[in-house]
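Here's the structure we're looking at; comments come further down.
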Amino acid sequence: QVQLVESGGGLVQAGGSLRLSCAASGRTFDIWDMGGFRQAPGEEREFVAGIRWTVGTTYYADSVKGRFTISRDNAKNTVYLQMNSLKPEDTAVYYCTARWGYPVKTVPSLNTWGQGTQVTVSS
């Protein structure tokens with residue numbers, strides 16, 4: 001079992017930045033891919049960004065490409081999501097997720113999830 005704990009959410013004005021952190025513990029050697037999803041009120045949970053744990057390859061949703069950067073620190077078992085040029089439409093609960101053997105975008109119901117952290121962007 002892998003446990004994920006997010007931190008770093010909050011309130012920011014449009015155009016501002018936030019950095020989310022996700023610390024993994026437990027069977028971290030099982031992790032193959034990590035990433036982030038978000039869910040706005042009344043909306044489905046959507047993929048934001050992912051990173052291949054061992055090689056560091058990254059991939060993004062078109063809506064955040066060029067504004068968000070995902071990175072990881074293997075020594076700390078931590079993934080970071082740097083969010084720049086934030087927009088009101090980025091407001092959502094952001095969830096960290098991890099998966100063994102497949103990208104986190106693939107059948108996300110099979111992923112391990114963190115508890116989520118609120119990000120609110122005011123206009």
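At-a-glance table
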item	result
All positions within segment 103-117 that are closer than 16 Å to Glu46 by Cβ, over 12 Å from the mean Cα position of the chain (by Cα) and either buried (at least 17 other Cβ atoms within 10 Å of the Cβ) or not small (Gly, Ala, Ser) (or both)	Pro103, Thr106, Val107, Pro108, Asn111
Answer residue from segment 17-41, given it is at pLDDT 95 or above and assigned to a loop (DSSP other than H, G, I, E, B) and is surrounded by the fewest Cβ atoms within 10 Å (Cβ to Cβ) among those	Ser17
Complete set of residues in segment 16-51 that are free of Cβ contacts under 8 Å to residues at least 24 places away in the same chain and under 17 Å from Asn74 (Cβ atoms)	Phe29
Condition check for Ser122: out of contact with any Cys (no Cβ under 7 Å at 6 or more places or on another chain), open to solvent by 20 Å² or more (accessible area, probe 1.4 Å), among the polar types (S, T, N, Q) and at positive phi	no
Scope segment 57-114; condition in a loop (DSSP other than H, G, I, E, B) and closer than 18 Å to Ile31 by Cα; matching residues	Thr57, Asn77, Trp100, Gly101, Tyr102, Pro103, Val104, Lys105, Thr106, Val107, Asn111, Gly114
Flag for Trp100 being out of contact with any helix residue (DSSP H, G or I) (no Cβ under 8 Å at 6 or more places or on another chain), among the aromatic types (Phe, Trp, Tyr) and surrounded by fewer than 18 Cβ atoms within 10 Å (Cβ to Cβ)	no
Candidates Ala98, Ala92 - the one that is within 13 Å of the chain's Cα centre (by Cα), closer than 14 Å to Val5 by Cα and hydrophobic (A, V, I, L, M, F, W, C)	Ala98
Which numbered condition Ala49 misses (of (1) part of a loop (DSSP other than H, G, I, E, B); (2) surrounded by 12 or more Cβ atoms within 10 Å (Cβ to Cβ); (3) not polar (S, T, N, Q))	(1)
Meets criteria (hydroxyl-bearing (Ser, Thr, Tyr) and free of Cβ contacts under 8 Å to residues at least 24 places away in the same chain) for Ser71	yes
Verdict on Ser122 being modelled with pLDDT of 95 or more, touching a helix residue (DSSP H, G or I) at 6+ places or on another chain (Cβ under 9 Å) and under 11 Å from Val48 (Cα atoms)	no
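The values are calculated or read from the model by the stated rules, or taken from the named source; none is laboratory data. Not measured: the values here are computed from a predicted model. Heads up, the Cβs are rebuilt from the backbone with ideal geometry, glycines too, and the neighbour counts pull from every protein chain shown. The area values use the complete protein model at the heavy-atom level, side chains included, leaving out ligands, DNA and RNA. Shrake-Rupley method; radii C 1.70, N 1.55, O 1.52, S 1.80 Å.
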